[in-house]
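In what follows, a structure is listed as structure tokens, so that the remarks can point back to it.
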Ligand code: 3HC
């Protein structure tokens, strides 16, 4: 799955665009360099289209699957206020998926094809949602730190080149900032609460830190898509840049709450200004994103059930199957 790190990135690009019209490609790259927004009807290299479909579809799947671990806590939220806020957040996430599926559809892949590829395991979604959320503190840590990582990722990509995607991201980022505040308020409440609450949120942080270190993708040296995605401004920062930004912003906040992180090596190098940390387990990452995580089967089973139970509605709306539609008098 990962590219060969020592391939000359320029050589790699030439092989990717070898069959494109050189004049059209040069005009496209001049538009990218001028920070133009590429729109659905504009000429674009086949690889630009393919990569955008892959990335936006994966993002949309992540939103709709991401709603599952938190959604299970709505009925068990500790109080009406938390229940209301969590319901609003989960509804937002599902809405983000719809925005993103619509953006991906502008590139020619239907929503039905995307959902089918999700359910079949052909398409990916974020690694982080394949882990269980066994306590309320897990849902609090997800709402704070996973959404914090997503905001870094999304605000960065919102400066990108594809019009429908960046417009969807702008809308999504507004709502994510509420999620972040809700999550932070939740974690602070637990971290400054009873001993039982403090222990529960520390245990949740310990559970979520390793998958959070995977969240921004593999090391830049083996990131298969970064070179072309950054050249064409689909991805506006490297995986490691986003990971470092996340640690810069949130490790001090976690420590300020008197909480610890499960990495004895984690420290900021004063000379380089970079965070040093224990190399994440990329073999686990690879297993999880390829279907072998703790909750992959459970997550996809829920999506499959929703797809099957909702099929009659779609068919009725699209008047696909006579059996679902009462003939007009
Ligand atoms: N989870 C699952 N797969 C991942 C991944 C992750 N966290 N990070 C990388 N991968 C996969 C890639 O899809 C690729 O696999 P493929 O070739 O089979 O598709 C492989 O690992 C190599 O990784 P690359 O670094 O080359 O991949 P990218 O250049 O695409 O970078 C990314 C990964 C930074 C996640 C980028 O795809 C991206 O910015 N995606 C759009 C935003 C997004 O999906 N954000 C995360 C989820 S949104 C969310 O959390 C919801 C919120 O409401 C909580």
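The values are calculated or read from the model by the stated rules, or taken from the named source; none is laboratory data. The shown structure was predicted, so the numbers you read here are calculated from the model rather than taken from an experiment. We place every Cβ from the backbone using ideal geometry, glycine too, and count neighbours over all the protein chains shown.
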Original post:
Of the residues 213, 230, 242, 247, which single one is outside any strand (DSSP E or B), in contact with a strand residue (DSSP E or B) (Cβ under 8 Å, 6 or more places away or on another chain) and within 16 Å of the ligand (Cβ to nearest atom)?
Top reply: 247
**OP:** Residue by residue through the stretch 69-78, note down the ones that are surrounded by 20 or more Cβ atoms within 10 Å (Cβ to Cβ) and either within 13 Å of the ligand (Cβ to nearest atom) or free of Cβ contacts under 8 Å to residues at least 24 places away in the same chain (or both).
**Re:** 69, 70
Original post:
Which one of 205, 172, 199 is within 22 Å of residue 91 (Cβ to Cβ) and either at pLDDT 95 or above or surrounded by 23 or more Cβ atoms within 10 Å (Cβ to Cβ) (or both)?
Top reply: 172
Subject >> helices (runs of 4 or more DSSP H) contained in the stretch 118-192 and holding at least 1 residues without any contact (Cβ under 8 Å) to a residue 40 or more places away in the chain and within 21 Å of residue 98 (Cα to Cα) >> reply: 147-157, 163-191
Original post:
Would it be correct to say that residue 117 is closer than 25 Å to residue 291 by Cα, within 12 Å of the ligand (Cβ to nearest atom) and over 15 Å from the mean Cα position of the chain (by Cα)?
Top reply: yes
Subject >> the stretch 95-115 - residue that is modelled with pLDDT of 95 or more and loosely packed, with under 15 Cβ neighbours inside 10 Å and, of those, nearest to residue 318 (Cα to Cα) >> reply: 110
Original post:
If you check 64, 38, which single one turns out to be crowded, with 16+ Cβ neighbours inside 10 Å, in contact (Cβ under 8 Å) with a residue 60 or more places away in the chain and more than 18 Å from residue 150 (Cα to Cα)?
Top reply: 38
Original post:
Are any of the residues in the stretch 259-271 buried (at least 17 other Cβ atoms within 10 Å of the Cβ) and in contact (Cβ under 8 Å) with a residue 60 or more places away in the chain?
Top reply: yes
**OP:** Consider residue 93 carefully, then state whether it is more than 30 Å from residue 18 (Cβ to Cβ), touching a helix residue (DSSP H, G or I) at 6+ places or on another chain (Cβ under 6 Å), within 10 Å of the ligand (Cβ to nearest atom) and assigned to a helix (DSSP H, G or I).
**Re:** yes
Original post:
Pick from 252, 264: which is more than 30 Å from residue 123 (Cβ to Cβ), modelled with pLDDT of 95 or more and in a helix (DSSP H, G or I)?
Top reply: 252
**OP:** Go through the stretch 272-288 and count every residue that is out of contact with any strand residue (DSSP E or B) (no Cβ under 9 Å at 6 or more places or on another chain) and surrounded by fewer than 15 Cβ atoms within 10 Å (Cβ to Cβ).
**Re:** 7
**OP:** Six or more apart or on different chains, Cβ under 6 Å: which pairs go from a residue in the stretch 229-246 that's over 15 Å from residue 159 (Cβ atoms) to one that's in a helix (DSSP H, G or I) and near the ligand (Cβ under 9 Å from one of its atoms)? Could you list them?
**Re:** 239/220; 240/220; 246/149
